[in-house]
Amino acid sequence: MRKYCHFILILGVIVVASITMNSCREEFDSAFREVPIINQPPMVTTPIDDVVISPGFDVLDIDLSGFIQDPENDPITYQVSSSDEDVVTVSVVGSLLSIYEIEPGTSNISILGNDGNDGNDVNTSFMITIR
């Protein structure tokens, strides 16, 4: 008796087919089982430390890819915000977060990372103080 197992990927679902045959002329039994593929959300691999910096830095750049990663290596898009835009403003291009100095003070920088799958968000934040 021979047993063959085949794995077929169809539109994000793995179908496992197990076929048992005694000979080429006999009919065969087959059992199908669907195993859903579950996409994991990105995760914060290393928290971003709070920053205390002296005035006059103009722009501080941080590569977010060193802090947020996706288990399946899906590309991550980022959204960033500053809690006090009188202290700093922020922007992101790719994974590069740029923090622009405005005036001394403290602001909370919030970061949301998403791997393109609904509900697969990760949030993190850190404080920046200019003094």
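The values are calculated or read from the model by the stated rules, or taken from the named source; none is laboratory data. Treat the numbers as computed from the prediction; the structure is a model and nothing was measured. All Cβ positions, glycine included, derive from the backbone under ideal geometry; neighbour counts span all protein chains shown.
Summary of values
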{"quantity": "Long-range neighbours under 6 Å by Cβ, at least six apart or interchain, first residue modelled with pLDDT of 95 or more within the stretch 60-72, second of a type in the set (Gly, Ala, Ser) and buried (at least 16 other Cβ atoms within 10 Å of the Cβ)", "calculated": "Asp63/Ser95; Leu64/Ser95; Ser65/Ser95; Ile68/Gly113"}
{"quantity": "Subset of the stretch 66-87 [surrounded by fewer than 17 Cβ atoms within 10 Å (Cβ to Cβ), in contact with a Leu (Cβ under 9 Å, 6 or more places away or on another chain) and outside any strand (DSSP E or B)]", "calculated": "none"}
